[in-house]
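The values are calculated or read from the model by the stated rules, or taken from the named source; none is laboratory data. As the structure is a prediction and not an experimental result, all values here were calculated from the model. Using ideal geometry, Cβ is built from the backbone for each residue, glycine included, and neighbour counts are taken over all protein chains shown. In case anyone asks, the SASA skips ligands and DNA or RNA and just uses the protein heavy atoms, side chains included. Shrake-Rupley method; radii C 1.70, N 1.55, O 1.52, S 1.80 Å.
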Amino acid sequence: VERQPGRDEGRADRDAHGGVQVDAACQSEHEMCLSLQKNFAIQSTVHCQAMQAELDRSAVSHHAAAARLRHLSEVRRRARRAALAPSSALLALGAVAVIHGALALAWPHAAVLSAVWVGAVVAVRPVLRRARRRRGLEAARRLPFVCAAVAVAIAAVSVAAGASPLVSAVATAGALAASLAGMPAIAAAAMVSGLTGDALVAQGLAPAAGELIAGAGLLAAGLAGAAREGGG
Amino acid sequence: MSHPTTRLDPAIHQPARLGILTAACEVKRIDFVSLRDLLDLTDGNLSRHLATLEGAGYIKIDKTFESRRPRTWIAATRAGRSALEREIAALREIVDAAAPARRAPARPRSAPA
């Protein structure tokens with residue numbers, strides 16, 4: 001069979017081969033399609049969806065495949081950024097650290113701080129739920145869970161190292177969220193804020209002051225991230 | 001072993017559908033408007049692709065009313081997640097298969113007699 005025959009010629013070829021039931025063959029046996037592709041010229045007169053799909057796929061070069069993978073990671077990065085909202089997370093975590101530090105400095109009483117924590121969680125949960133619905137996107141539990149688990153692990157390490165667990169936890173969670181969302185500079189800024197606060201606490205500064213410093217750094221990182229997101 | 005191109009899934013190989021399934025797999029669920037904005041697609045285009053993916057069983061479409069306004073939520077099914085993983089593996093294989101060929105030095109020309 002000659003390659004690329006004309007329309008009528010192709011029909012004649014099929015007739016010459018005993019009127020092969022191309023459609024039925026393709027539907028019943030995918031291998032038949034591959035064999036047809038090898039042995040026959042593929043023509044527009046041959047109506048076979050499976051064969052056409054086979055042709056589309058065989059046209060995929062490594063350049064096209066690499067482009068698809070790049071497109072895929074770009075979409076993934078955008079979806080993660082929308083789901084994790086790293087700038088909002090950094091702003092919220094920074095605010096938590098600053099409020100906690102300020103309260104601890106003003107009135108170092110454990111019961112008050114605990115009440116503030118519980119009140120904050122109770123107040124923030126419905127607000128977060130409403131915001132999530134309005135945003136039109138519900139994040140998979142996997143990503144926030146990973147951020148929280150790593151933050152708790154780092155907080156445990158920082159207790160052993162004599163640093164502030166709150167500073168370590170919020171800085172790690174914020175940095176990881178920014179990193180997963182494809183914002184490495186913001187993640188680095190969050191990490192530097194946390195490390196600075198921890199280093200100052202380790203050198204003898206009051207933990208509350210360390211929280212204020214780290215919280216201010218996280219707020220700055222969050223604002224920078226929000227500006228970057230706003231600017232595209 | 002078959003060539004990786006034969007393992008590409010025609011239902012999700014198209015770039016827009018690949019993007020839709022990727023976005024749906026990254027979140028628990030996403031609404032129509034957010035997905036349209038995320039992928040820079042038109043309403044009609046997105047609807048057509050969603051119908052194809054739903055027909056293949058890769059996404060689940062849930063139409064609800066919230067505050068008397070219709071809202072369409074899209075979520076990836078387990079089959080959709082598996083299909084995306086297979087597609088990514090096949091694409092990576094195609095890219096990797098070409099990598100050694102690109103790295104191989106050019107064959108030296110034979111010296112003229």
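On the stretch given as segment B:6-29, residues that are closer than 13 Å to A:Arg76 by Cα and over 8 Å from the mean Cα position of the chain (by Cα) total 5.
For every residue, the table says whether it meets (1) modelled with pLDDT under 85; (2) more than 30 Å from B:Ala76 (Cβ to Cβ); (3) within 15 Å of the chain's Cα centre (by Cα); (4) within 14 Å of chain B (Cβ to nearest Cβ).
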position: A:Gly136; (1), (2), (3), (4): yes, no, no, yes
position: A:Arg142; (1), (2), (3), (4): yes, no, yes, yes
position: A:Val146; (1), (2), (3), (4): no, no, yes, yes
position: A:Gly174; (1), (2), (3), (4): no, no, yes, no
position: A:Ala189; (1), (2), (3), (4): no, yes, no, no
position: A:Leu195; (1), (2), (3), (4): no, yes, no, no
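A single member of A:Ala120, A:Ala163, A:Ala155 is in a loop (DSSP other than H, G, I, E, B), open to solvent by less than 50 Å² (accessible area, probe 1.4 Å), over 15 Å from A:Leu219 (Cα atoms) and more than 14 Å from every other protein chain (Cβ to nearest Cβ), and it is A:Ala163.
Among the criteria (1) open to solvent by 50 Å² or more (accessible area, probe 1.4 Å); (2) within 14 Å of chain B (Cβ to nearest Cβ); (3) modelled with pLDDT of 85 or more, the one A:Leu91 does not fulfil is (2).
Residue pairs whose Cβ atoms lie under 9 Å apart, sitting 6 or more positions apart in sequence or on different chains, and linking a residue in segment A:130-153 that is among the basic types (Lys, Arg) to a partner that is modelled with pLDDT of 85 or more and open to solvent by 50 Å² or more (accessible area, probe 1.4 Å), are A:Arg141/B:Lys28. Looking only at segment B:4-24, which residues are without any contact (Cβ under 8 Å) to a residue 40 or more places away in the chain and touching a Lys or Arg at 6+ places or on another chain (Cβ under 8 Å)? The answer is B:Thr6, B:Pro10, B:Pro15, B:Ala23. Taking every residue in segment B:66-88 that is free of Cβ contacts under 8 Å to residues at least 40 places away in the same chain and farther than 21 Å from A:Glu138 by Cβ and pairing it with any residue that is part of a helix (DSSP H, G or I) and open to solvent by less than 20 Å² (accessible area, probe 1.4 Å), at least 6 positions away or on another chain, the pairs with Cβ-Cβ distances below 7 Å are B:Ile88/A:Leu72. Output the residue which, of all residues in segment B:1-27 that are more than 7 Å from chain A (Cβ to nearest Cβ) and of a type in the set (Gly, Ala, Ser), is surrounded by the fewest Cβ atoms within 10 Å (Cβ to Cβ). The selected residue is B:Ser2. For segment B:28-60, a residue qualifies if it is open to solvent by less than 60 Å² (accessible area, probe 1.4 Å), free of Cβ contacts under 8 Å to residues at least 12 places away in the same chain and at the interface with chain A (Cβ under 9 Å from one of its Cβ atoms), and exactly one does: B:Ser34.
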